[in-house]
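Single-structure report; data block below.
The values are calculated or read from the model by the stated rules, or taken from the named source; none is laboratory data. Because the structure is a prediction, the values reported are computed rather than measured. FYI the Cβ positions are ideal-geometry reconstructions off the backbone, even for glycines, and counts take in every protein chain you see. Ligands, DNA and RNA are excluded from the accessible area calculation, which covers all protein heavy atoms including side chains. Shrake-Rupley method; radii C 1.70, N 1.55, O 1.52, S 1.80 Å.
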Amino acid sequence: MLSRTHFNLGIQSKGKTLLKNYSPFAADYMVTCLPNHTQGSQLETQNSEQKIPTKWDKRFIDLAKLTASWSKDPSTKVGSCIADEDNRIISIGFNGFPRGVCDNPSRYKDRETKLMAILHAEENAIAFSGRRDLKGCTVYVWPFPPCSKCASIIIQSGVKRVVSCEPSLEQTERWGKSMGLAKSFFSEAGVELVLSKESN
């Protein structure tokens with residue numbers, strides 16, 4: 001079993017260590033995110049084939065980042081954008097309380113109340129899509145990948161691709177378990193997950 005201390009996770013490719021010095025929670029996520037737990041050239045091949053964001057991906061991630069700034073959550077601001085196969089924007093959303101529900105600062109400061117009431121950015125983006133058919137669409141999420149709950153909703157909506165940012169060490173320590181489970185869900189359901197290496 002892994003101890004709750006930082007450790008080295010050595011996955012070698014052409015003499016270079018791809019992952020190292022991650023906490024157990026971060027490593028749980030990062031190992032899960034490796035396609036089929038592969039190593040070396042097989043890992044590189046899969047990354048080059050399906051893990052590189054396009055110029056449109058970068059534009060929509062920027063839009064998701066802008067949308068995140070509208071969230072009233074003082075601790076975690078998340079934004080999402082949905083685009084169709086022709087790069088047309090379908091919907092946007094950010095994390096916040098349901099429409100019409102009081103979202104004053106005191107409620108956000110009460111962590112227990114906030115967690116029970118808040119809707120994630122991905123949930124809002126899908127809800128605001130107006131019951132439009134999302135089959136074949138791409139969901140963009142900033143600043144980290146979807147949780148397992150949102151992954152389930154994304155899969156059920158018919159979305160076939162998710163683009164986000166690689167989570168930081170701090171983010172994986174907080175939500176790595178859920179994000180790792182989400183990655184597994186996407187893989188099993190045939191939903192492509194693309195993680196940008198650019199700083200979030």
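Just a few scattered comments:
- Residue check, A127 over 15 Å from the mean Cα position of the chain (by Cα) and under 16 Å from G158 (Cβ atoms): yes
- Test: residue in the stretch 102-120 that is acidic (D, E) and modelled with pLDDT of 95 or more: no
- Hits in the stretch 127-146 - residues which are of a type outside the set (S, T, Y) and over 23 Å from K177 (Cβ atoms): A127, F128, G130, R131, R132, D133, L134, K135, G136, C137
- Output for the stretch 130-153, where each listed residue is hydrophobic (A, V, I, L, M, F, W, C) and under 12 Å from the mean Cα position of the chain (by Cα): V139, V141, W142, F144, C147, C150, A151
- Qualifying positions in the stretch 98-118 - surrounded by fewer than 19 Cβ atoms within 10 Å (Cβ to Cβ) and under 20 Å from S152 (Cβ atoms): P98, L115, M116, A117
- Of residues in the stretch 126-141 being closer than 16 Å to R59 by Cβ and of a type outside the set (V, I, T), the one surrounded by the most Cβ atoms within 10 Å (Cβ to Cβ): Y140
- Scanning the stretch 59-97 for residues that are open to solvent by less than 20 Å² (accessible area, probe 1.4 Å), small (G, A, S) and free of Cβ contacts under 8 Å to residues at least 40 places away in the same chain gives G93, G96.
- Leading residue by the ranking (modelled with the lowest pLDDT) among those in the stretch 153-200 that are among the hydroxyl-bearing types (S, T, Y), crowded, with 16+ Cβ neighbours inside 10 Å and in a helix (DSSP H, G or I): T172
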